[in-house]
Amino acid sequence: MSAMRLYRLAELTLPGLAVGFVAGVAAGGLAGFVGQPAGWALVSALTLAVPLALAGAGYTMLLINERVRLGGFAPAALYWLVAFPVARLLHEVLTRLVLTGEAGLPPDPLGFLAYQGIVSAGFAIGFLWLHERLAPRWWRRVSEHNPRAREVYLRYAEHARILYEAKERRKAARGGGVRKATSAR
């Protein structure tokens, strides 16, 4: 793969990578906030941020290659139902490895993964919300020199137009949306 193609691919996946990374760093920041030593919080942030960033980039790749639909919660929830528990398991193993020198699984790995699967729905909501706000703006910004970003951005713009027109039709069917108030004096 040429350097330019690699650069453009990285440019396309940056929104998902960034959202995942920021989520992981925020979790590490919370570890520091609750009293963990700064070094532990930093390790915790990085060992969660990197897997979540890679998974976020993976979601973005699915989106730009039209494997998941724009703005759909179900595809995002299904993706994160797998990706989030894997990222959390890596976080647990890597954090333990760095801090103690020994790799190890959580005491109840299946229970741990099941719980992370439940939590993944909340993560999917937050990820999708932030990704849907950042990614189209980013792709519009880089669309002048990245033809693939232009394609993805135009798909988003068309999707937004369709949603807006459907909303306006529903509003018109209800009588224009805003009804004039009459006084009963």
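So which residues in the stretch 1-32 are surrounded by fewer than 16 Cβ atoms within 10 Å (Cβ to Cβ) and farther than 18 Å from GLY126 by Cβ?
MET1, SER2, ALA3, MET4, ARG5, LEU6, TYR7, ALA10
Residue pairs, Cβ under 7 Å, 6 or more apart or interchain, first in the stretch 161-185 and surrounded by 10 or more Cβ atoms within 10 Å (Cβ to Cβ), second modelled with pLDDT under 60 and not hydroxyl-bearing (Ser, Thr, Tyr). List them.
Partner pairs satisfying both residue conditions: LYS171/GLY177.
Among the listed residues LEU12, LEU52, identify the single one that is in a helix (DSSP H, G or I), within 30 Å of HIS145 (Cβ to Cβ) and in contact with a His (Cβ under 9 Å, 6 or more places away or on another chain).
Sole residue among the options that is in a helix (DSSP H, G or I), within 30 Å of HIS145 (Cβ to Cβ) and in contact with a His (Cβ under 9 Å, 6 or more places away or on another chain): LEU52.
Just need a number here: residues in the stretch 49-73 that are more than 13 Å from the chain's Cα centre (by Cα), surrounded by fewer than 16 Cβ atoms within 10 Å (Cβ to Cβ) and not charged (D, E, K, R).
Qualifying residue count, the stretch 49-73: 1.
Take the stretch 75-117 and flag every residue that is surrounded by fewer than 14 Cβ atoms within 10 Å (Cβ to Cβ), at pLDDT below 95 and either under 24 Å from the mean Cα position of the chain (by Cα) or not in a loop (DSSP other than H, G, I, E, B) (or both).
THR100
What's the number of the only condition in (1) at pLDDT 95 or above; (2) closer than 30 Å to LEU163 by Cα; (3) among the hydrophobic types (A, V, I, L, M, F, W, C) that LEU70 fails to meet?
Going through the list (1) at pLDDT 95 or above; (2) closer than 30 Å to LEU163 by Cα; (3) among the hydrophobic types (A, V, I, L, M, F, W, C), LEU70 breaks only (1).
Can we say ARG69 is charged (D, E, K, R) and over 13 Å from GLY20 (Cα atoms)?
Values: charged (D, E, K, R): yes; over 13 Å from GLY20 (Cα atoms): yes.
Yes.
Every residue, every condition in (1) β-branched (Val, Ile, Thr); (2) closer than 15 Å to THR60 by Cα, yes or no:
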position	(1), (2)
LEU78	no, yes
LEU94	no, no
VAL98	yes, no
PRO107	no, no
VAL119	yes, no
PHE127	no, yes
PRO136	no, yes
HIS145	no, no
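The values are calculated or read from the model by the stated rules, or taken from the named source; none is laboratory data. Owing to the predicted nature of the structure, the values given are computational and were not obtained by experimental measurement. A quick note on method: Cβ atoms are made from the backbone with ideal geometry, for glycine too, and the neighbour counts reach across all protein chains shown.
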